[in-house]
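The values are calculated or read from the model by the stated rules, or taken from the named source; none is laboratory data. Quantities reported herein were computed from a predicted structural model and do not represent experimental measurements. Because the Cβ atoms are built from the backbone with ideal geometry, glycine has one as well, and the counts that use them run over all protein chains shown.
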Amino acid sequence: MSRALTAVAGISLLILLLILLVGSSGPVTDRWVAAGFVGETAGLRSTDLRPAVAPLIGILLNEGQYGGSATSSDGRLQIKWLGGETTIEAPVEWMAAADVIHIGDRQWKQKIWIRSLSGEMQIADRYHEGWVEWIPESDGSGWQMIERLSIERYLLGVVSREMSASSFPAAALRAQAIAARSYALFQMEARGRGRSYDLRGDTRSQAYGGTARVPKPVLDAVEQTRGQILLWQEKLFESFYHSTCGGQTCSAAESYFIRDVPTMPSVRCDGCQGSRFFRWSEPVPRPHLADSLAYLCQGTGIHLGEISTVTAVGAARSGHVPYLRIDHTLGSFEVDSKRLRTILRSRGDHRLRSTNFVVEPSSSGFLFSGRGWGHGIGMCQVGAQGYARRGANEIWILQHYYPGVEIRSLW
C-alpha cells in the first residue's frame, strides 16, 4: 500500500454520513533536508450516527496513454457512451491515445463504459464484475481508467491482493479488512471530492485486484467486518499498514513526521519472525549507487564526485533511517532514504526492502543490512498473520498495532 502522507482527519461522523448518503464523485514533499506531508487535525468530534449504506468509491486503475486487451468470461463485451451502446466480441485489443480511445476497429473521443455482457471482464491482471469507465483527460494528454463501486465490494479486491487467503488466518484477514476500510474512508475525506477518483488501485494507495474470483475466506472477512472502522479519540485516521516490520514498527511521527497521531507509535512485534524478510541484506555496487544518486541530484545544483562514505542520519528508535549523508570528493549532501530506495530499484533492481537498515562499505560498493519490508508504520501484515496463528483475534491485533483505537460500525 502506498502510502499517502497526511495526518489524522478528525472528521465527524455527521460529515461522513453526508458522504455516505450522496456517494463520492471525486475520487513527501521532496527535499534534501526534510520530507513528508503534514496534515491538520480538524478537531471535529464524532457522533453516534449509524449510516445505513456504504459509500461509493472511485478507483483509478490507470492513466495517461496505454494499451492492452480486454477479455470476457462469456466472450462478449458491452460498451456504452452518452447516446449509444454496442456489444462486441472478446478478447479485443484497445489503445488509449492522446485524445481518442481505440477498441477493436472502433474509436471514441468521449467518456465510455465497458463491462462483460455477463460474468466477468479481465483487463491486465484485474477481474471486474461491473462497469469500468474511461474518461478523457481535460488537457488531451490521455485517459483515466476508473472503476466505481461500493466500498465493501472494493475491499474484496484489496484484502485478496494485500493478503493471501490460503496462508493468512481469518482473524488476520478481518484485521486487514478493517484497516483497509478505515484507510479508504480517510482518503475519501482528506482528498476531497474535486477529483474524478478517490484512491489509486496500486500501492500508492492500496493494492487492488478487482472483485471477481475472490476467495471465500476474503468474502467472509469483509462481510463479517462490514462497516467496521478504526477511530482514535473519536476521529478517523490514516491507518497505515505494511508487509513486515522486522521486530519493531516505526512511529509515524519519526518516519513521516505525523506528530498528532499517537495511535501509530513504534511497537514491538514478534509475530513476523518467520518472514523471509525479517532480516535481509542487499549489496549495492558503487557504480549503481553513483548512478542513482546522480539521477536524484538532477536539477538541484549538486554535482556528484566520487563517493567516499554513506552515513545514516537521524535514525529512529525502531532503526528506520530517514536520511543518508553522502560524502563525496566534491562535497556532501543528505538524501531521503525513501526516494533512494525507489530509485535504486527502478534504475537497477537493487531492492532495499525497507529503510530500517545499516550500511557499510564493501569491496564492490556498499552493503545494506536491514529488517522488514515496507515503510514499517502501523499494522505489520505478517505479524498479524503470526499473532492470528497463535489465537489472537482481529481486535487484539488492531489494538496492538494501533494502541488506543476503538472499532466502530458505521453501517
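When Arg148 is evaluated against the numbered criteria (1) outside the structural domain of Asp74 (by TED's automatic domain parsing); (2) touching a Ser or Thr at 6+ places or on another chain (Cβ under 8 Å); (3) within 21 Å of Arg195 (Cα to Cα), which criterion, by number, is the only one it fails?
(2)
Out of curiosity, is His350 of a type outside the set (D, E, K, R), within 26 Å of Thr249 (Cβ to Cβ), more than 18 Å from the chain's Cα centre (by Cα) and in the same structural domain as Ala294 (by TED's automatic domain parsing)?
yes
Considering only residues that are touching a Phe, Trp or Tyr at 6+ places or on another chain (Cβ under 6 Å) and either more than 22 Å from Val159 (Cα to Cα) or at pLDDT below 95 (or both), which ones fall in segment 250-276?
Val261, Thr263
Please give the number of the condition Gly201 fails out of (1) under 26 Å from Glu147 (Cβ atoms); (2) small (Gly, Ala, Ser); (3) surrounded by fewer than 19 Cβ atoms within 10 Å (Cβ to Cβ).
With (1) under 26 Å from Glu147 (Cβ atoms); (2) small (Gly, Ala, Ser); (3) surrounded by fewer than 19 Cβ atoms within 10 Å (Cβ to Cβ) applied to Gly201, the lone miss is (3).
What do you reckon, is Ala180 part of a helix (DSSP H, G or I), crowded, with 24+ Cβ neighbours inside 10 Å and more than 19 Å from the chain's Cα centre (by Cα)?
So Ala180 fails the test.
Pick from segment 302-343 the residues that are charged (D, E, K, R) and not in a strand (DSSP E or B): which of them is modelled with the highest pLDDT? Reasoning before the result, please.
Going residue by residue through segment 302-343, those that are charged (D, E, K, R) are 306, 317, 325, 327, 334, 336, 338-339, 341.
Cutting the leftovers down to not in a strand (DSSP E or B) gives us 306, 317, 338-339, 341.
Details: Glu306: 96, Arg317: 87, Lys338: 91, Arg339: 93, Arg341: 93.
This residue is Glu306.
Identify, please: which residue in segment 83-106 is modelled with pLDDT of 95 or more, closer than 24 Å to Ser196 by Cα and of a type outside the set (Gly, Ala, Ser) and is, among those, farthest from the chain's Cα centre (by Cα)?
That would be Glu85.
Quick one: in segment 234-249, of everything that is crowded, with 24+ Cβ neighbours inside 10 Å and at pLDDT below 95, which residue is farthest from Ala315 (Cα to Cα)?
Leu236
Working only within segment 130-151, note down all residues that are surrounded by fewer than 19 Cβ atoms within 10 Å (Cβ to Cβ) and outside any strand (DSSP E or B).
Of everything in segment 130-151, those that are surrounded by fewer than 19 Cβ atoms within 10 Å (Cβ to Cβ) and outside any strand (DSSP E or B) turn out to be Gly130, Trp131, Glu137, Ser138, Asp139, Gly140, Ser141.
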